Amino acid sequence: MASLGQHRTLIAVVDDDREVREYLDEVLRRAGYEVALASNGLRLVSALQVDRPDLILLDVNMSWIDGFELCRALKKNPQWQAIPVVFVSGRTAPADVEEGLACGAVGFFPKPIDGRALIDRVRELVQPGRT
């Protein structure tokens with residue numbers, strides 16, 4: 001538990017599948033993170049206006065805007081470009097992984113999700129002192 005004055009770590013989860021959002025919410029909260037859930041990119045953009053996450057977990061296939069386009073948009077915006085993005089997707093063909101990394105993501109996890117491996121990567125990306 002964070003002591004008074006210590007930065008809390010907020011992870012945004014963007015996935016149109018409610019079960020995936022709930023699973024990631026549980027895994028991340030058990031690991032001690034605060035979690036903000038969004039069902040699509042529009043909801044993420046709205047949430048970013050209020051509270052900046054330390055990391056974004058992003059699905060590829062979503063309504064309104066796909067994850068690749070959303071990632072590109074985030075990386076073009078100076079206000080949000082430093083936030084690490086990790087894709088969590090059922091689209092795991094080498095071309096999909098390559099595109100995800102090319103648009104600015106720092107990782108790509110296949111569904112079904114290995115919660116332990118994901119938490120290990122999240123810890124690497126949001127460790128104190130990292131910008």
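The values are calculated or read from the model by the stated rules, or taken from the named source; none is laboratory data. From a predicted model like this one, the values you see are computed outputs, not experimental measurements. A quick note on method: Cβ atoms are made from the backbone with ideal geometry, for glycine too, and the neighbour counts reach across all protein chains shown.
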Check your understanding: Taking the range 31-66 on its own, how many of its residues are assigned to a helix (DSSP H, G or I) and either out of contact with any Asp or Glu (no Cβ under 9 Å at 6 or more places or on another chain) or modelled with pLDDT of 95 or more (or both)?
Key -> 7
Check your understanding: Just one of Asp25, Asp16 is within 23 Å of Ile119 (Cβ to Cβ), within 14 Å of the chain's Cα centre (by Cα), of a type in the set (D, E, K, R) and not in a loop (DSSP other than H, G, I, E, B); which is it?
Key -> Asp25
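A quick yes/no check of all residues on (1) farther than 24 Å from Gln127 by Cβ; (2) in contact with a Gly (Cβ under 9 Å, 6 or more places away or on another chain):
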site: Asp54; (1), (2): no, no
site: Val60; (1), (2): yes, yes
site: Gly67; (1), (2): yes, yes
site: Arg72; (1), (2): yes, yes
site: Pro78; (1), (2): no, no
site: Val86; (1), (2): no, yes
site: Gly90; (1), (2): yes, no
site: Ala102; (1), (2): yes, no
Exercise for review: Could you list all residues from the range 98-112 that are surrounded by fewer than 18 Cβ atoms within 10 Å (Cβ to Cβ) and either in contact with a His (Cβ under 9 Å, 6 or more places away or on another chain) or over 16 Å from Ala12 (Cα atoms) (or both)?
Suggested key: Glu98, Leu101, Ala102, Gly104, Pro110, Lys111, Pro112
**Study point:** Pick from the range 44-68, criterion charged (D, E, K, R) and under 13 Å from the mean Cα position of the chain (by Cα), ranking: surrounded by the most Cβ atoms within 10 Å (Cβ to Cβ)
**Key:** Asp59
Exercise for review: Quickly run through the range 75-101 and pick out the residues that are outside any loop (DSSP other than H, G, I, E, B), under 16 Å from Ile56 (Cα atoms) and without any contact (Cβ under 8 Å) to a residue 24 or more places away in the chain.
Suggested key: Lys76, Leu101
Review point. On the given criteria, is Val20 within 21 Å of Cys103 (Cβ to Cβ), crowded, with 17+ Cβ neighbours inside 10 Å and touching a Gly at 6+ places or on another chain (Cβ under 8 Å)?
Key: no
Check your understanding: Restricting the range 85-96 to residues that are surrounded by 18 or more Cβ atoms within 10 Å (Cβ to Cβ) and among the aliphatic types (A, V, I, L, M), which is nearest to Asp25 (Cα to Cα)?
Key -> Val88
